[in-house]
Structure formats: C-alpha cells, structure tokens
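Below is one structure; the comments refer to it alone.
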Amino acid sequence: MSDVEMTQEANLFAVGAGRERPKYTPKALQCINCGASVKLFSEQAVQAVCDACGSMLDLSKEEQVVCGLVSKNRVRGLQFPLLTEFVFESRTYRVTARLVYKDGWGALSYDYLLFNPFFGSFWLSSYKNDFTTSRVSHVMPCTDPFALSDGKKLTTHDKKVWIRLEQGKQELVYVDGALPWHAKIGDTHEYVELQSKTHPKVFFEVEREATKDGAEMEFAISREISLFELKSALKDKSLMDFLGPIKAPESKTPAWILAGVSLLAALGFFLALFSSSSRQIAEVHFSPTELNNETLSSTFRVDDVRFPVEIEMYSSVDNAWMYLTWAIVESSENMPTKQTYEEVAGGARNDKMVHIGEAELSYYHGYEGGESWSEGSQSDTLYVLFPKPGTYRLMAKAVSGTRESEDVAKHSISFFIYENARLDRYYLFMLFLSLSLVYVSRIKIKDFKLDDFISDDD
C-alpha cells in the first residue's frame, strides 16, 4: 500500500472526518413483569417505567431487573403526557420522563425531561402553572450556597452575581418514562434557589442528596418562560386548553419608540443644561434715600425675550427686615440717569408699567448657648418674562428697619439683571424624567435568553 493510500485510510478514522452520526432509532423492549412493550427514546437510559403495570425496570445490568413499583394512579396536575412534542430553537424534543416532587409545604412541582437524540436533553418544570426551562451548568459557585442565608449574594466563577431566595427539600412522589439515572419513590434532595442580580427571570439552582453527608452538588441555570412561549413551542396546542385563553405578549414597538424619543429628549436636555449661559444686562443700586422717593433706574436693554429674565436682589439688612415694592417700566427713550416717579409723571413721556412685584427680605443672626444661629436671607431671586425686546427701567420703593413698625427705608438694595436665564432645575427634572422613561422602556424591551447565562463550558 502506498503512502498516499495509507494516509487516506487513516483519515477515514480520524475524529470529525465528515461521517454523520447515524440516526437513532428508539429501542423497544418487553417488561419482564407483564410483557408489555416499553420504548426507550434515549440510548443512555438506565431506568424505565412500564406504563402498563408500573414496574420500574433497571436497565443498567445485563438483564432487566424490577427495582420498584410506581402506583398506576396518576398524581394530579401532570399536564403533558409522555412523548409530547415541543419545538425549542427549531429543534423537536419529546417528553421521555416525568417526575413529580413534593416540597416541605406539600406543594407539587412537575419536571418533564425533554429529549432530542442529537441535541441532548433539558428540563421543563411547572410549579403552580409557572414554567421554567433548565439546563445543566458546570460553572461552580465561589462559596457554599447552602451556608448562606436568604437575601445574601453569591458569585459564580464566571463573575455573575446571584441573590439567594430560598432553601428547601423535595421528595420524589411519582416517576414514569425512561431516565438516564436511577430514581426511586421517596428519594429526597435539598435545593437552593438563587436569582440573578441583574436579570430577574434567570435563576441559579443547586441540588444535593438530602440523605448523604458531603453529597456532591449539581447546578443548573433556569429561565422563566411565559405561557405564550410555552404554547408556541407545544405542537399539540390543545394540551394547554385547561389554562384558558393565552394572550400574545404586547408588541415591543411602542416601547422602542418611547425609548428612542426619551433618549433623544434626555440628550437634548443634557446639552441644553451645559450649553445655556445667561448674560448680565444691568446692575442697579438704590440707596435708602432713593427707596424713600420711589426712584426709577437708568434704562437697560432687553433683546432676548424667549427665556425669562433673572432678577437677583441683594439688600443690606442685618438683624433687620425690608418690605420692597418694585416694578418694571417700559421706557419710550433712553435715560442714562435715575429719576423720581414725580419727575417722570410730570413729563410728556409715554412710559408704562409691564410688571409689578413685592418682596419681603429679613435676616437675623446671633450667638446663643455656645452656638451661632441665623435665619432668613438678605437676597431673593425672581424670574420675569418680558413682553417684547426693548428699553426698560426698574422702579423701587421700600420701608425697612429693626422695629415692627417702620415708615421709611433705612437699608439699600441692589438688583442684578440677566437675560437668557434658563432654569437649571427644570432641565434637571426633565433630564431625570427622560432617563426614567428610557429605563422603563428598557425593562419592557429586554428579553432575557438562557443562552446569555450559560458559559461555553456548559
């Protein structure tokens, strides 16, 4: 044989040499107790239950052995018969075994082993008509989950964080079908259930035998599935008629639209928050004498009336109070100096008031009992919308003092005027609201998939 022929012959037996696995044909055998036919859908089955007489057949030995008996009286609540077909990820799985467990509260949970000869098996579980799918995980926890208390965090070696929900025991009360391990009525195991910190529909489950000290722990990742998902996967839809009408989940398109609009709005408010800048257009000071005479300031120009004009007031009150009446006057001409109200009223000018306001300022402080104290404020800030661009003046009159009753002003006040004053607190509120809507939309959109939580080692 030539070297080329020897190489070709060797390649025929190489791993992955292009040979397809032959299609698996379910095996059929006869129950040694009653002679009924028992079909095995997995070549790895080591135990089967005869559907006719309930005998538990041990197939791990060279000859069949009856290792137990299952009551022919079916437990209540088994929704799916053996051989029921489901389609998950375009692959057809059949129910090849069913197990029913009873927990410490007497509630029953139902586990269905879904098997495909080419893609293996996983579990479909039901507890009070809430369904989950579970697959074996080989990712180990960093700490003993049985040593934690409920509510504590656990980290697995793939850096995922889980919150412990509960610990309990379950007893096997019913089994039928074919299994790749031995299961006996009365078998008991302990379990711990943990929920993903970031994905509330995903769980990390840990089990161990309850009757064996130092028993090896087994791990699984499970995911909640909706009734609509389950019915979509079930080939015989009539098996879920007992649940009544099942509505399709809401369309996520509105949530996507809301998320997009909210995100754009949040970006706009964020940019506006840092891009807005006010511009000082006037600084006006009134002495006590001017406040007693109801004085008008020199004129100032307001050009941008799209946003409010900010008016900041600072008084000189100190352990005293001030009651201030002020007004904004639209001026028909520029006036570089101050005037009293009598001087303006006696002329032929066509000025008019466009805004009138009042302010009460008081500031008191002292030292008592070894501590300093203060109350009130010497300043105040107001926002005014001007009717149109133009030339304006401030007019002010006040009384102030330290006694309860005063009739003249004894303190001065200053006004600082800014146009294009955008209220940061409103932008912050709208930014927070927009981000909240984005977060709510994200919750509606997010669809957690089990594959996202199973590492490549699983």
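Residues that are of a type outside the set (Asp, Glu), crowded, with 17+ Cβ neighbours inside 10 Å and within 25 Å of the chain's Cα centre (by Cα) were ranked within the range 185-198; the one that is farthest from LEU154 (Cα to Cα) is VAL192. Scanning the range 164-178 for residues that are of a type in the set (D, E, K, R), at pLDDT 90 or above and either buried (at least 17 other Cβ atoms within 10 Å of the Cβ) or over 19 Å from GLU209 (Cα atoms) (or both) gives a single hit, ARG164. Count, please, the residues in the range 120-139 that happen to be of a type outside the set (Val, Ile, Thr) and farther than 17 Å from THR84 by Cβ. Counting residues in the range 120-139 that are of a type outside the set (Val, Ile, Thr) and farther than 17 Å from THR84 by Cβ gives 8. For the range 109-122, a tally of residues being out of contact with any Phe, Trp or Tyr (no Cβ under 7 Å at 6 or more places or on another chain) and buried (at least 17 other Cβ atoms within 10 Å of the Cβ) returns 2. With the condition kept exactly as written, say whether any residue in the range 370-389 is farther than 21 Å from ASP304 by Cα, of a type in the set (Gly, Ala, Ser), in contact (Cβ under 8 Å) with a residue 12 or more places away in the chain and in contact with a helix residue (DSSP H, G or I) (Cβ under 9 Å, 6 or more places away or on another chain). No; the residues of the range 370-389 include none that is farther than 21 Å from ASP304 by Cα, of a type in the set (Gly, Ala, Ser), in contact (Cβ under 8 Å) with a residue 12 or more places away in the chain and in contact with a helix residue (DSSP H, G or I) (Cβ under 9 Å, 6 or more places away or on another chain). Check whether at least one residue in the range 274-291 is at pLDDT below 90 and assigned to a helix (DSSP H, G or I), and report yes or no. Looking for residues that are at pLDDT below 90 and assigned to a helix (DSSP H, G or I), one finds at least one in the range 274-291, hence yes. Restricted to the range 314-408, the set of strands (runs of 3 or more DSSP E) holding at least 1 residues that are in the same structural domain as VAL302 (by TED's automatic domain parsing), over 14 Å from GLU290 (Cα atoms) and of a type in the set (Lys, Arg) comprises 352-368, 390-401. Annotation: GLY168 fulfils all but one of (1) touching a residue at least 40 places away in the same chain (Cβ under 8 Å); (2) more than 29 Å from ARG91 (Cα to Cα); (3) assigned to a loop (DSSP other than H, G, I, E, B); the unmet one is (3). Filtering the range 335-369 to residues that are loosely packed, with under 14 Cβ neighbours inside 10 Å, of a type in the set (A, V, I, L, M) and under 26 Å from MET322 (Cβ atoms) leaves ALA345, MET353, ILE356.
The values are calculated or read from the model by the stated rules, or taken from the named source; none is laboratory data. In this text, all values refer to a predicted model and were calculated from it rather than measured experimentally. All Cβ positions, even for glycine, are placed from backbone atoms using ideal geometry, and neighbour counts span all protein chains on display.
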